[in-house]
Structures are given as structure tokens and as C-alpha cells.
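Asker: A single structure is presented below for examination.
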Amino acid sequence: MLRTEEMLLNVGPQHPSTHGVLRLIVKIDGETIVDAEPVIGYLHRGTEKLAEDLNYTQIIPYTDRMDYLSAMTNNYAIVHATEQLMGLEIPERAEFLRVIVMELNRIASHLVWMGTYLLDIGAMSPFLYAFRDREQILNLFNELCGARITYNYMRVGGVKWDAPPGWIDKVGEFVQYMKKQMDEYHGLITGNEIFIQRTKGIGIYDRETAIQFGLSGANLRVTGVKWDLRKNQPYSIYERFDFDVPVGQTGDLYDKYLCRMQEIVESLKILEQAVEQFPEGGSTMGKVPRVLRVPEGEIYVGIESPRGELGCHIVSKGKDKPWRLKFRRPSFYNLQILPTLLKGENISNLVAILGGIDIVLGEVDC
Amino acid sequence: MNLMMVVGPVLLLFIVLGFVTYAILFERKVIGWIQNRIGPNRVGPWGLLQTVADVFKLLIKEDIIPAKADESLFRLAPVIAFVPAFAVLAVIPFTEKIQFADFAVGLLYYMAISSITIIGILVGGWASNNKYALLGGMRSAAQMISYEIPLVMSVVGIIMSVGSLNLHEIVEAQQKVWFIFPQFVGFAVFLIASISELNRTPFDLPEAESELVAGYHVEYTGFRFAFFMLAEYVYVFAMASLTTVLYLGGWNAPFGLTFIPPIVWFILKFSLIVFFLFWVRATMPRIRVDQLMQFAWKVLLPLALANIFITAVFKEIPVIGKFY
Amino acid sequence: MTEKEKRDPASSEEAGETLSADNRAQDVSPKQPGKREETDRTDSDRPQSSQKQEAAREATPKTPRPAAAGRARPAAGARNRPAVKKEEEKPLEPSPLEPVLNRFVEIIKEKAGAEAIEEAYVNRAGRHLPVLVIKRESWPSVAGLLKEDPGLSFDYVRNLSGVDYETHMEVVYHLYSFAHSHQIGIRVKTDREESRMPSVQHLWKAADWNEREIYDLLGIRFEGHPNLKRILMPDDWVGHPLRKDYEPLDKEV
Amino acid sequence: MFGLVKGLGITLKNMTKPKVTYSYPDEPLEMPDRFRGIQHFDPEKCIVCNQCARICPTDCITLTGKKHPDPEKKGKVIDTYDINFEICILCDLCTEVCPTEAIVMTNNYELAVYSRDELFKDLEWLHNNNTNIRVENNSAKPKAPGGKSS
């Protein structure tokens, strides 16, 4: 047999398709990958250490920068955990505004994923179409809370801004516009034979491995496990909306693509109902003392972010600063399965599989 | 006469360089429009000087040769890649009179010379002593070789119909019927194989941005990098003109509209093919290496052989034989 | 640091639970499933005690889920400010997850020995999460039990975090079981100086990187972990940043 | 094969659609009213209560007050007020806690400079940055009675 020599290839940290500063030390024999070892920590900013001497309102701008593609869900994670620990009551209007902005953010995050995923596989145009539609969501956020990416919109006990006049109808219009756009995406990508060839039957793992590795979000649902925190452990007012949880069968990359596109459609459904049932009056901020003194105790609350279960574990000693704040970051768990998926694949599949698990390095390194 | 021998090629060189600059700009504009954006419009009116600015930038860029690179091969690679691209244009009959070299084996000359570029790319990938470049070089060698054969096989159908390799005669044989209609299968195989020869999407594996960063020309900077880009776009020029000559009847006017001069017809058909190449680049994702190989050997080659067989059979049938 | 807590929050909370219950009256008025309006809150000495919306679900049999896994909570988790702890409060109405907690405790006591569990209580704030504090020595056997025992079968690690309480270090596991769809919180204590912890990486693969992260940031060495080295900080970093006694390199930040 | 052809059809159709890009450097890009741009500071309103410096997550606001010049009035007057825009994350918490709306966000976002020390904006600069100031402010200033309760 021809003696082949293994070669160490450094993929990243500056590499066009690692979605951030992830470094993969890949041992390859020719083009097939023998072993891959992710090296992370290039974007570690020590949020958890900083949080220990910031009071709860000051932590919120820091959470925007963890999963910078869906900052609203990060805001909600810490605000929801604090409210749960304090047993606070959130007014109706604030709950509706929160659900609307979180679902809009989920759609924006999935659009970014779909755009960059197609770019990894080689098609240039879907990336631009995805960002064109996402631009509309960012404009909506810009009108609501004054920022496009780092919203800092939620506060313990409610939300900072009320919806400006006419904003809710703009959300309604966007929902109709986005439904038409979905056919364009399905026409351009779903039927594309080359895309199917590149993604069907690749990066398959079964239900047990997914649960073993603690995967969550679309990565877990793609193996047939119907686990969506909005349904299984409902928080906020998600029980009032009926939407279903898309679940895949085979667990390959094509299923992940279909699952995430279906999740966009489900979020559109939620948005439609939320806009319909939006309460007229009501305040956006519950009764919250001037200086937040969170009672002593410990709590872990998980919510469904576009990448999976985003949990917030707060240990408080009755002060206005958390004693220990730990974020359960879905991308950190989802990235662990990469080495086992990559064994025996080739370089082109490495890029496709890495894109498929949809990680954001700001969240992995926290 | 020998004055023409010198001025002609220089003139052609300038035309081709002019084409290359505006083809790059046209490509970026077309892909821009397809993606709902404007495309380059900052440099010069409507961005017309954009490519000129790019080339100028590449000229004044520092010309780095990696320390551990194989010096002489590193310098030679772009030359090997570019020269065949330009030499191939000698044999293309633009119109009745404008042709630089009209010899009997024009098509064979084209196919032979165009495969020298593979060596240039392989040497470029190997000499820059960079893992990504090596991978890019390996991939492009495998791809070009495996697509050279269906490319040549698909053209045999035309040669059988015309009975000669001379491009001039091939165009003359298409006075009444262009070969795209009788040889449609051959045309399809030829088009796909030519896209792969040009290393363009969906076959742009050697310089797959998202995987190999930039494939074989990752270590090239400055004007050497410009040479590789030049070679690629001159090949677009050559391949598009060859497709026009072989399948779209060169300078023959469709349905007898001969009042428009033949050179204009040639340019029209030529730019249709070029637009199609850009259009495909904006839409298609990239094929994987092993799928690429299977596609070449298990799909294109059998199709090309079947085409030859069908042409041979149809030639014998009296009624429709005259088309073949 | 304020005067040291004589008991760490968990046990004081537990004391608050069983010994004395606050005097908040909880009226669990049944509500129509869909309609959700402000329940009347009896004013009590605590500023923020209030009825969570979920209380409505616990009263109405709408959700098919068994009561054991019900999310409802009769009373909010907020308790008295530790300073003014009145002893004579009425005992809290036992949380619906009490039986679940007791079942866990029995299985573990019977299979892993009685002394394995230091404490067992229901964390009311955290959606009535049954929490067990396990001794470090018996943690490997209890972990194996939690994973393999048919009655428990916790196969999904939801969260794994390290906490530095200055008096001691602690690792907190939140596990979930897809088979029985119930969840549990485990806390294992270890002393601060040379803190050791048996690794559970062989049971749940998700714990691999998490343990490396806890080692990297808090310095708890996990015995039995295949490659326990830093994951977030640079490899040659000195010290473990999340420890309370960690003096940062440049104070200016 | 048909998926590819359908895809080509869609891209061709998109060629005819209107362009969506802004031509930013030529035409300025207006931001909605609530946009969190560079702050505007109004020294008269400031009562030197230090709330903004305390709430700032990155501690980039430094201010010093001095005794009120004419004796009979008590309280302080602002003397120097600096925001270090190297680390300011424009999170809008300072305007939220300011009781007198002395510091307010504007819609300007051009902050690119050639050298770092130009990023230390002092009171005078912040005061002159008074173009398109935010109209609707969500600060701690007590609303006029009967105002929108938010």
C-alpha cells in the first residue's frame, strides 16, 4: 500500500468559514480527516468574572455581546432568571413585546445561519438575499430600541421602551413579506441538486449521541427528539401561541437545513398571533425597587435560543450584585460533537458539518 | 506581410486585455445586480475604471516570495499558466477574414495547448510550500485532467459531421444549421466540461474560498497574482469564443439576417456565453471533489460517447443524414 | 466582603423551608386555563412576594403532564430577607415536587448508602427543582446510579457549573431525563485549597469540556478526566480567574 | 436538473428587482429617533449627582463638580465632564438614570478618528454635539403628571 504521511492543517482562527475565531487543528491524510481538535478561547472576555461586580442592570449590555446574532434571547435569559429568583410579576404588554422581539431575533439569526451556510457550500447569492431580509428586522429593532445588534432592550421587571406608534403594524407587514420570501429561498436552495448532494447523508449522528453530548436546539431536534423549551418547559407567554416544533428524521445536514427553515415559518406563525393579540394599554415595566436586591438563593433557568438551550445559573447572596453568574451556552455544548463527526470526512465536508451545527464563537468563549 | 505578423498579435493582445478588464467589471456588475446590489460604482463613471484601479493596485503591491518557497518554480508558475491561455487564441476564426492561423488541426491545437495550464497551476501550488496551496494544486490537477476527456470527446461529434479539424471549415459547415441543434447532447457536455476547465463555480474547487482559503494562488501577491487572474479570464475569452465557433455558428447570421456585419454576430453570441458563465457563478453551490470525479467519469464521458455513437448512426440515415 | 454567612445560602434556604414557613397566605384560586389576569396578592412583609402565572396551571387539569412534573408553584420563591428571620411563620404548603424528591432520596439511600446524601430540598425559586447535596466520596457511585438506574435514568446534562463560596468550592449539576421527563439538581462540595472532584465524563460526554472549563476557571481538579487542561485561558496562564482570591493582572480594568 | 434551472430562473428574476443598498457616503443615513448615538451634554441641567458615572458598566464617565459660584444657592455645578469613547459601548444606561436629562443621546454615529486621544470627549465637545438630539427620552426625569406611564 502506498505509504501516506499525515499532515497537520491549521483551520482558523482566521479562516473564512469558522464563523468566528475557532481554530481547528486537523490531522489529514491526503484529503480525509484523521483527527480534529478544536481550540477555543480566542474570544474569551471573562463576562462571568466581570458580572460578579456589576449590578443586574449593568450586566444586560454585556449579555448582548455573547451570542451577538440573537442578543434579545441573551437579554431575556438573565432578566428572566433574575425575575424568577425575585418572583417578579411582568405586565402583559412587556411579555408580548418580549416574545415579539425574541421571535424576530430568531428569524434574523436563522437567516444569518442560512446565508453563511450556503456561502460555505459555495453559493454566493442566498447570502445576500438573507441579509437583505434580515436588514428589515434590524431596522425594526433600530426603531424600537435604538440599536441594530446590541439591543440592551430588556430590564429586570419589563422592557425599557414601548413600541413606537405603528411599529406593531410594521411587524405584521414584515411577517407577510417574509412568507413570500420563503418560497424564493425554497425555490433557489431546497431543490438544488448540487446542494442536496453536498448535504444529504453527511454528518449523521443518532439520538443517543446527541443526548450524550448534551446538544440542544435544531441539532437535537434533527435526530427526532421533540425538545423545545418553549413547548416542553414553557416560559413567558408561549403557551398562548400554537406553533409546532419541526423535527428531523435522519439527522443529516439536509434535515438541519429543513428544520431551521421550518423554524422560521413557525416563528412567523407566533409573530402573527402575537401581533393579533397585542394588548392595547398596559405598562411596559412592572413594580421594581430602585436598587435591585435579589433575595438569597440559587436558580437555573433555560430558555430556547436559536442555537439551543441558553441557560442562566445565578447564585445570589442577597446583594445587588450576583455572587456567581454562569451561562449555559448552547454553542459550547454543540461544538463538542465536532471531533467525533469529522473523523473520516474530507475538507469540503468539514466546512459543511461545521456550518451545520451553527455555532457563534462569542457564545462559545463567553 | 510580416508587419501584419507583428502588429496583429499585439493588437489582439490589447483587445484581449481590454476584454479582460471589462469582463471582470461586467462580472462583478452582473453578480451585483443578481444580488440586488449595484456592484462597483466608486472608481470612474459607473465604476468603469474599477478593474484598471485593481490592476494598478496589484502592480504597486509588494511582490512577496515566501522564504521557503521554491524560488524559480514560484516565478515560473504564473508564466506557464498564462502563455497557453493567450497562445490558444491564434487559431480562433473571429470572422471570415480575421483569423491568425488557419491550419488543418486547429481544434487539436486548441485542446493540446490549453492543457499546459494545468502544469502551471500544479507548479504554482507546489512551489508556494503552503498546505492550502498544495491541496488546491492537487485538486485542480485531478479536476482538469478528468474534465479534459469529456471536453474532447464531446467535440468528436462535430468533427465527424464536418469531416475536418479546421475551425474555419467547421464554421462554414454551419451556414444553414448551427451544430447546437443536431449536437445538443455534445453541446451540453461541452459546456459543463468547459465550465470545469475554467475552474469556475460549480467546479471552482482549486480556489474554493470557504475551504482552501484561496487554493493555489494563496501565497501569490502583486503582479504574479494578477497573472493568474489574467490567465483565468483570458481562458474565459478563449472558451467562450470556441463555444461560439463550434456550436453557435461563429460569424454566421441566424435566419439570414446578413445585413448586420458578421463580427457583430460573433460578439453577440460570445457575450451571451460569457453572461451565462457569470450567471451560473452567481447561482450554483460548489461540488465536492469526489462528486466531481464521479460526475466526470460516470456521467459526462458516457454521454459524450453516446453522442458520438448517435452521430455516427444518424449520419447513415439518408433523410436527416445531411444535418450530420 | 460582608460578615461571613454562618451558613451558606442553600442550607439557610432549606432551614427557611422546613423549620419555619413564612406567613404568606396562598390562595390558589382556580382559573380558566386561557384567561390569565392578575391574581389577588395578599400583602405580606416581603415587598415582592406574588403569585406566578403558572399557579393557574397547577390548579387546572389542562396540561396532560403528570402533577409530579408540573411546573406550577403555589408561592414565589422569594423568602424573607435573611436579616429579619421570624421563626413563627406558617410552614409553606409542601411543594408538588416533594414526592418526587422523596422518591429520588429513597432510591439513592437504598442503593448508594444512607450517608451519600447530605441534604435534600426543593428549590422553590427554580420551578420546584428537587436538589440533592451529595458527599464527594460517594459522588461517583451516585452519578452512576443517576445515569443507569431505570427509575432515575438521567441521560441529559442541562447545566454543569462551578461556584466558589469562599468557605468551600462547589460543583452544581442540573440533569434531565428524557425517559421520565423529570429533572434534578445535584450539588457536590469540595474544600477550597486543593479542590478535587471525581469526573463524570465517562457517564455524560457533555461533561468533558465543562469540567475542563471549571478546572480552567476555578481550579477544581477532576480525577479521571482524560485530558484535563485549560480550555478557555491560554495554556501558560497562571492562576484561576473565577476564584474569589484571584488578583487580576492589571488592576486598572 | 430542474432544481438548478429553477434556481437560475430565480436569480435572473432577481436581476430585475430594485437595488436595496444604501449609498451611504454620498447620502447621509438617517437613523430613527431612538437611535443610540453619541451623547449630548447640557451643563446647566446637571446637578452632579454622579448617577451616570455609577451606572456606567464600563466606567468611562468621569466628572467633577464644584461649589455653586453665587453663595446663596446651594448644591453643585458641573466643572469637567469627560466620556472616554474608547470603551463607551453606547448602552444608553447613563441617559436612563439621569434625573434631569442633562445627558441625552443624539442620532450621530460618526466616531471614526485618526488617533486614540481624540476619543476622550470633554464637556465642551459634548455640549456642541447638539445636532438631531433624541426627542423621546426614557430617562429617570419625573414625567409631567398624567404623562405616559412607562
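The values are calculated or read from the model by the stated rules, or taken from the named source; none is laboratory data. Bear in mind that the values here come from a model prediction, so they are computed numbers and not experimental data. Reconstructed Cβ throughout: ideal geometry from the backbone, glycine too, with neighbour counts over all protein chains shown. The protein model used for the area step is the full one, side chains on, heavy atoms only, and it has no ligands, DNA or RNA in it. Shrake-Rupley method; radii C 1.70, N 1.55, O 1.52, S 1.80 Å.
Asker: Starting at the first residue of the stretch B:123-132, write each ³J(HN,Hα) from the Karplus equation 6.51 cos²θ - 1.76 cosθ + 1.60 with θ = phi - 60°, in whole Hz, x for Gly and Pro.
Answerer: Values per residue, Gly and Pro as x: 5, x, x, 6, 6, 7, 6, 10, 4, 4 Hz.
Asker: Restricting to lysines 8 or more places apart or on different chains, can you count the pairs in chain D with Cα atoms under 28 Å from each other?
Answerer: Lysine pairs meeting both conditions in chain D amount to 26.
Asker: Can I ask one more? So how do A:237-247, C:198-208 stack up, highest first, on mean other-Cβ count within 10 Å?
Answerer: Numbers: A:237-247: 16.7, C:198-208: 21.2.
Descending mean neighbour count gives C:198-208, A:237-247.
Asker: Oh, and also: With an 8 Å Cα cut-off and a minimum separation of 6 or more residues, compute the relative contact order for the stretch A:39-154 in percent. Before the final figure, lay out each step's value.
Answerer: Details: 101 pairs, mean separation 35.2, N = 116.
Relative contact order of the stretch A:39-154: 30 percent.
Asker: Please report the orientation-averaged projected area of chain A, defined via the convex hull of its C-alpha atoms, in nm². The partial results should precede the final answer.
Answerer: Details: hull surface 73.9 nm².
Result: 18.5 nm².
Asker: Same structure, new question: Enumerate the amide H contacts of C:S195 below 5 Å, restricted to partners 5 or more residues apart or on another chain; note that Pro and chain-start residues carry no placed amide H.
Answerer: For C:S195, the qualifying residues are C:R221.
Asker: Moving on. Give, as a single signed number, the net charge of other residues whose beta carbon lies under 13 Å from the beta carbon of A:L338, with Lys and Arg counted +1 and Asp and Glu -1.
Answerer: On the way: positive: A:R23, A:K343, C:K205; negative: A:D35, A:E37, A:E345, A:D358, C:D208.
With Lys, Arg at +1 and Asp, Glu at -1, the neighbours total -2.
Asker: Among A:Y235, A:Y62, A:Y153, which one moves the most in a GNM of chain A with springs linking Cα atoms closer than 10 Å?
Answerer: A:Y235
Asker: What percentage of all Cα-Cα pairs in the stretch A:1-92 are separated by more than 22 Å? Numbers along the way, then the final one.
Answerer: Values: 2188 of 4186 pairs.
Cα-Cα pairs of the stretch A:1-92 separated by over 22 Å account for 52 percent.
Asker: For A:T209, what accessible area in Å² do you get when you roll a 1.4 Å probe over the heavy atoms of the protein chains, rounding to the nearest 10?
Answerer: Result for A:T209: roughly 50 Å² accessible.
Asker: In whole angstrom, note down how far apart the Cα centers of the stretch A:316-341 and the stretch B:183-207 are.
Answerer: Here the answer is 49 Å between Cα centres.
Asker: If you don't mind, there's one more thing I want to ask. Applying a 10 Å radius around every beta-carbon, put C:227-240, B:91-104, B:59-72 in order of their mean neighbour count, most first.
Answerer: Working: C:227-240: 13.6, B:91-104: 16.0, B:59-72: 11.9.
Going from most to least packed, we get B:91-104, C:227-240, B:59-72.
Asker: Quick one: Karplus J couplings for the stretch B:251-256, per residue in order, coefficients 6.51, -1.76, 1.60, θ = phi - 60°, nearest Hz, x for Gly and Pro?
Answerer: Once rounded to whole Hz, the list reads 8, 6, 7, x, 6, x.
Asker: To continue, here is another question. Sort out for me the Cα centre separation of the stretch B:46-103 from the stretch D:79-120, rounded to whole Å.
Answerer: Going from one Cα centre to the other spans 52 Å.
Asker: For a quick check: with amide H placed at 1.01 Å from N, whose amide H comes under 5 Å from C:H182's, ignoring anything fewer than 5 positions away on the same chain?
Answerer: Correct list: C:S177.
Asker: Let me confirm one metric for peptide C:153-166, namely the mean number of other chain beta-carbon atoms within 10 Å of its residues' beta-carbons. The partial results should precede the final answer.
Answerer: Working: counts 0, 0, 4, 11, 6, 10, 12, 5, 10, 2, 6, 4, 4, 1.
Mean shielding by partner chains, rounded to a whole number: 5.
Asker: Hey, another quick one. When you look at the Cβ of every residue in A:36-48, what mean number of other chain Cβ atoms sits within 10 Å? List each step's numbers first, then the result.
Answerer: Details: counts 0, 1, 2, 2, 4, 9, 2, 1, 8, 0, 7, 0, 4.
Mean number of neighbouring Cβ atoms from other chains: 3.
Asker: Per residue of the stretch C:170-187, what does 6.51 cos²θ - 1.76 cosθ + 1.60 with θ = phi - 60° give for ³J(HN,Hα)? Whole Hz please, x for Gly and Pro, Karplus curve as stated.
Answerer: 8, 10, 10, 10, 10, 10, 9, 10, 6, 5, 9, 6, 10, 10, 9, x, 10, 10
Asker: When we measure straight from the Cα of A:K180, which aspartates and glutamates land under 19 angstrom away, once same-chain ones fewer than 8 places off are left out?
Answerer: Candidates past the 8-residue exclusion: A:E103, A:D133, A:E135, A:D169, A:E263, A:E266, A:E272.
Asker: Quick check on the stretch B:63-316: what does the Kirkwood estimate of hydrodynamic radius come out to from the alpha carbon pairs, in Å?
Answerer: Details: mean 1/r = 0.0530 Å⁻¹.
It works out to 18.9 Å.
Asker: What relative contact order, as a whole-number percentage, does chain A give when Cα pairs under 8 Å and 6 or more residues apart are counted?
Answerer: Working: 687 pairs, mean separation 96.3, N = 366.
Answer for chain A is 26 percent.
Asker: Something else about it: With a probe of 1.4 Å, find how much accessible area the protein assembly as shown has per residue, and write the answer as a whole number in Å². Spell out each step's value before the answer.
Answerer: Values: 43870 Å² over 1093 residues.
Accessible surface, normalised per residue, equals 40 Å².
Asker: While we're on this one: Give me a single rounded figure for A:190-201: the average over its residues of other chain Cβ atoms within 10 Å of their Cβ. Don't skip to the answer; put the middle values down first.
Answerer: Working: counts 3, 6, 8, 8, 13, 6, 2, 6, 6, 1, 0, 0.
That works out to 5 on average.
Asker: Can you give me the % of accessible surface on the protein assembly as shown that is carbon or sulfur? Probe 1.4 Å, all protein chains present, nothing else counted.
Answerer: Numbers: 27890 of 43870 Å².
For the protein assembly as shown, the apolar C and S fraction of the accessible surface comes to 64 percent.
Asker: Under a 5 Å amide H to amide H cut-off, with H placed in plane at 1.01 Å, what residues pair with A:R23 once short-range neighbours are removed?
Answerer: A:V39
Asker: Still on this model: Any idea what Rg and Dmax come out to for the stretch B:1-60 if you just take the C-alpha atoms, in Å?
Answerer: Both quantities, over Cα of the stretch B:1-60: 15.2, 51 Å.
Asker: Oh, and also: In the stretch A:280-306, which residues become less accessible by 50 Å² or more once every protein chain is in place, relative to the chain on its own, using a 1.4 Å probe?
Answerer: A:E296, A:E298, A:Y300
Asker: May I pose another question? With viscosity set to 0.692 mPa s at 37 °C, what whole-number translational diffusion coefficient in µm²/s follows for the stretch B:177-324 from Stokes-Einstein and a Kirkwood radius over Cα pairs?
Answerer: Rounded to a whole number, D works out at 188 µm²/s.
Asker: Check each of the GluC sites (Glu not before Pro) in the stretch A:298-359 and keep only those in coil by DSSP with at most 12 other C-beta atoms within 10 angstrom; list them in order. Each step should come with its number before you reach the end.
Answerer: On the way: sites: A:E298, A:E304, A:E309, A:E345; in loops: A:E345.
For GluC sites (Glu not before Pro) across the stretch A:298-359 that sit outside H, G, I, E and B with at most 12 neighbouring Cβ atoms in 10 Å, the list is empty.
Asker: Counting pairs of alpha carbon atoms under 8 Å apart in space and at least six apart in sequence, what relative contact order in percent does the stretch C:98-196 give? Spell out each step's value before the answer.
Answerer: Working: 176 pairs, mean separation 22.2, N = 99.
Here the relative contact order equals 22 percent.
Asker: While we're here: Where does helix B:50-60 land angle-wise versus the long Cα axis of chain B, in degrees 0 to 90, nearest 10?
Answerer: It works out to around 50 degrees.
Asker: Based on the Kirkwood radius over alpha-carbon pairs, what value in µm²/s does the Stokes-Einstein equation return for the translational diffusion coefficient of the stretch D:47-115 at 10 °C and 1.306 mPa s?
Answerer: Values: Rh = 13.5 Å.
My calculation gives 118 µm²/s for D.
Asker: Of A:K226/C:K205; A:K49/C:K205; A:K317/C:K111; A:K27/C:K189; A:K160/A:K269; A:K226/C:K244, which sit over 29 Å apart, Cα to Cα? Before the final figure, lay out each step's value.
Answerer: Numbers: A:K226/C:K205 21 Å; A:K49/C:K205 26 Å; A:K317/C:K111 35 Å; A:K27/C:K189 40 Å; A:K160/A:K269 25 Å; A:K226/C:K244 40 Å.
Listed pairs above 29 Å: A:K317/C:K111; A:K27/C:K189; A:K226/C:K244.
Asker: If you bin the C-alpha pair distances of chain D every 10 Å from 0, what whole percents do you get?
Answerer: 10, 31, 26, 13, 9, 7, 3, 1, 0
Asker: Over all Cα pairs of the protein assembly as shown, how is the pair count split among 20 Å bins, expressed in % and running from 0 up to the last occupied bin?
Answerer: 11, 36, 32, 16, 5, 0
Asker: Rounded to the nearest Å, what's the spacing between the alpha carbon centres of the stretch A:71-113 and the stretch D:1-64? Just the number, please.
Answerer: 21
Asker: Let me ask you something else. Short version: which residues of the stretch B:278-294 lose at least 50 Å² of accessible area, all chains versus chain alone, 1.4 Å probe?
Answerer: Residues meeting the cut-off: B:W279, B:T283, B:M284, B:P285, B:R286, B:R288, B:Q291.
Asker: What are the membrane-span-like helices in chain A by this rule: whole DSSP H runs, Cα extent along the axis at least 20 Å, mean Kyte-Doolittle hydropathy at least 0.0?
Answerer: Details: long enough: A:71-86 (23 Å, 0.11); A:92-121 (44 Å, 0.57); A:125-145 (30 Å, -0.06); A:167-185 (26 Å, -0.90); A:253-276 (35 Å, -0.06).
Going by DSSP H runs, the hits are A:71-86, A:92-121.
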